[in-house]
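Scroll down for the structure; my scribbles are underneath it.
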Amino acid sequence: MDFNQLRTFLEVSRNKSFSKAADKLHLTQPSISAQVRSLEKSLGHRLFERGGGKVTLTAAGRVFEPYVEDCLSRHNHIKLVLDDLSRSPRGSLTVSANDSTALYVLPHLFSRFKKQHPRVALTVNRTERVRTVELVLNREVDFGVVSLPLTEPRLKTEIIHEDELVLVASPRHPLVTGATITLEAVSKHSLLLPVRSRRREMLDRLFSERNLIPRIGMELDSNELLKRLIMADAGVGFLPLVNVAAEVRSRQLMVLKVKDVHIPRKLALIWHKDRDLPVACQMFFKVATGSWLSESLLAYGLA
């Protein structure tokens, strides 16, 4: 028994004719007859009386008909709901990322997504990079956003944002001269650094490769606090460009050009490679990967 057989049964019943049902369904009469015979065989009951040029329902057919109507009605309703879900997904979706990404990258992305798909509830899980990877691997969140490179064969990655780490200082700092400076000159001034993190390892390696020992002013576990201290003239520091775009635009911070230093940064959407993404996740992926360029950088004229 299948839905085509049920539709055929109803058309024969309503038209009281195999030939008229065939015309309505754009099938041949032998095909209609074969479907009805197959349906009757699967049910173990005759559904139609055929004779004298008339087609009428048997007692079993009269009992069967309202159930067929209800079944097809429910089937059509299911299709409508699923089609509507494809056009306008609903449900919930959780993304894990560190504080910096949650504050400066995800808001623009979430705003775009919510405008297109308002019925999906979005949640941000703010945690450090290693924990984000764990949550995605354990399928406790739908997506993570982390910096690349990432070597984890169980995860898929897609770049959604690119900028760079830049050295920033308050406009009053002596290094702000308008000229390109050397990393050696930077090492002689109070440097504010993040505590244990992938970025800290990168910066330590940068100075080590130049045989320089930086003058560490403070070590902080918050990018926001680090930025505020730089603005208060407590030192200089490297931060993602997207994090300081507004302050650079308003000239509360200045980007210093450091000779032979370019530190690109790529953020990627990550998800478990063995997971079948529901419709809401597919739509989020489409929005998130639509453009690498951060809207915030465009808004502040820094891209």
Kindly write out, for the stretch 9-25 in residue order, the coupling ³J(HN,Hα) from the Karplus curve 6.51 cos²θ - 1.76 cosθ + 1.60 (θ = phi - 60°), rounded to whole Hz, with x marking Gly and Pro.
-> 4, 5, 5, 5, 4, 6, 8, 6, 6, 6, 5, 5, 4, 4, 5, 5, 8
Long-range amide H contacts for Asp233: which residues qualify at under 5 Å (H placed 1.01 Å from N, peptide plane, sequence gap of 5 or more or a different chain)?
-> Ser170
For the stretch 62-73, take each phi angle, set θ = phi - 60°, evaluate the Karplus expression 6.51 cos²θ - 1.76 cosθ + 1.60, and give the result in whole Hz per residue in order, putting x for glycine and proline.
-> 5, 5, 6, 4, x, 5, 5, 4, 5, 4, 5, 5
Cα-Cα longer than 21 Å, checked against Lys266/Lys286; Lys227/Lys286; Lys115/Lys286; Lys79/Lys114, kept in input order, equals Lys227/Lys286; Lys79/Lys114
Could you please state, rounded to a whole Å, how far the C-alpha centre of the stretch 24-75 is from the C-alpha centre of the stretch 158-187?
-> 79 Å
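Given a Förster distance of 41 Å, report the FRET efficiency between Arg74 and Arg228 from their Cβ-Cβ distance, rounded to the nearest 0.05. The partial results should precede the final answer.
On the way: r = 59 Å, r/R0 = 1.45.
FRET efficiency, Arg74 to Arg228: 0.10.
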Inter-probe distance in nm under a simple model that places probes 7 Å from Cα toward Cβ, at Arg200 and Thr151 = 2.2 nm
Farthest towards the positive end of the dipole of the chain, among Val105, Pro149, Leu6 and with Cβ unit charges of +1 on Lys and Arg and -1 on Asp and Glu, lies the Cα of Leu6
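Normalised by the number of residues in the chain, what is the relative contact order in percent for Cα pairs under 8 Å and 6+ residues apart?
Working: 445 pairs, mean separation 63.4, N = 303.
Taking the mean separation of contacting Cα pairs over the length of the chain, I get 21 percent.
Using +1 on the beta carbon of Lys and Arg, -1 on that of Asp and Glu, and nothing else charged, what's the dipole of the stretch 3-87 about the Cα centre, debye to 20?
Working: 14 positive and 9 negative charges, 53 e Å.
Approximately 260 debye in magnitude.
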Checked against the structure, the computed Cα extents along the principal axes in Å among (1) 107, 35, 27; (2) 49, 47, 39; (3) 87, 51, 39 is the one labelled (1)
Residue-averaged [θ]222 nm for the chain, counting only DSSP H segments that reach four residues, each worth -39500 (n - 2.57) = -14000 deg cm²/dmol
For the stretch 192-202, what does the Karplus curve 6.51 cos²θ - 1.76 cosθ + 1.60, with θ = phi - 60°, yield as ³J(HN,Hα) per residue in whole Hz, taken in order and with x for Gly and Pro?
-> 9, 10, x, 6, 2, 6, 5, 5, 5, 4, 5
Over the chain, what is the percentage of antiparallel beta bridges among all DSSP beta bridges, to the nearest 5?
-> 60 percent
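Under the 0.36 nm per residue contour assumption, what length would be gained going from the current alpha-carbon distance of Leu103 and Val63 to full extension? Don't skip to the answer; put the middle values down first.
Values: separation 40, 0.36 × 40 = 14.40 nm, distance 6.27 nm.
That works out to 8.1 nm of additional length.
Would you work out the charge dipole size for the chain about its Cα centre, treating the Cβ of every Lys and Arg as +1 and the Cβ of every Asp and Glu as -1, and quote it to the nearest 20 debye? Intermediate results must be reported in sequence, preceding the final value.
Values: 45 positive and 33 negative charges, 145 e Å.
Charge dipole of the chain: 700 debye, to the nearest 20.
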Signed unit charges on C-beta, dipole axis of the chain, positive-most listed residue Ala121, Ala246, Leu175 | Ala121
Starting from the Cα of Lys16, draw a straight line to each of the lysines and keep only those under 17 Å, dropping any in the same chain fewer than 8 residues away.
-> Lys24, Lys54
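Relative contact order for the stretch 92-200: what percent, with Cα pairs under 8 Å and sequence separation of 6 or more?
Numbers: 80 pairs, mean separation 29.4, N = 109.
Across the stretch 92-200, relative contact order equals 27 percent.
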Long-range amide H contacts for Ser96: which residues qualify at under 5 Å (H placed 1.01 Å from N, peptide plane, sequence gap of 5 or more or a different chain)?
-> Asn125, Phe143, Gly144, Val145
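How much FRET efficiency would the formula 1/(1 + (r/R0)^6) give for Leu137 and Leu277, where r is the Cβ-Cβ distance and R0 is 22 Å, rounded to 0.05? The partial results should precede the final answer.
On the way: r = 16 Å, r/R0 = 0.71.
The pair Leu137/Leu277 has a calculated efficiency of 0.90.
Assigning unit charges at the beta carbon (Lys, Arg +1; Asp, Glu -1) and nothing else, what dipole magnitude in debye, to the nearest 20, does the stretch 99-258 show about its Cα centre? Kindly include the intermediate steps, with their values, before the conclusion.
Working: 24 positive and 19 negative charges, 72 e Å.
In debye, rounded to 20, the stretch 99-258 gives about 340.
Read the figures in this text as sums done on the coordinates, not as results from a lab. These figures come from a predicted structure and were not determined experimentally. Reconstructed Cβ throughout: ideal geometry from the backbone, glycine too, with neighbour counts over all protein chains shown.
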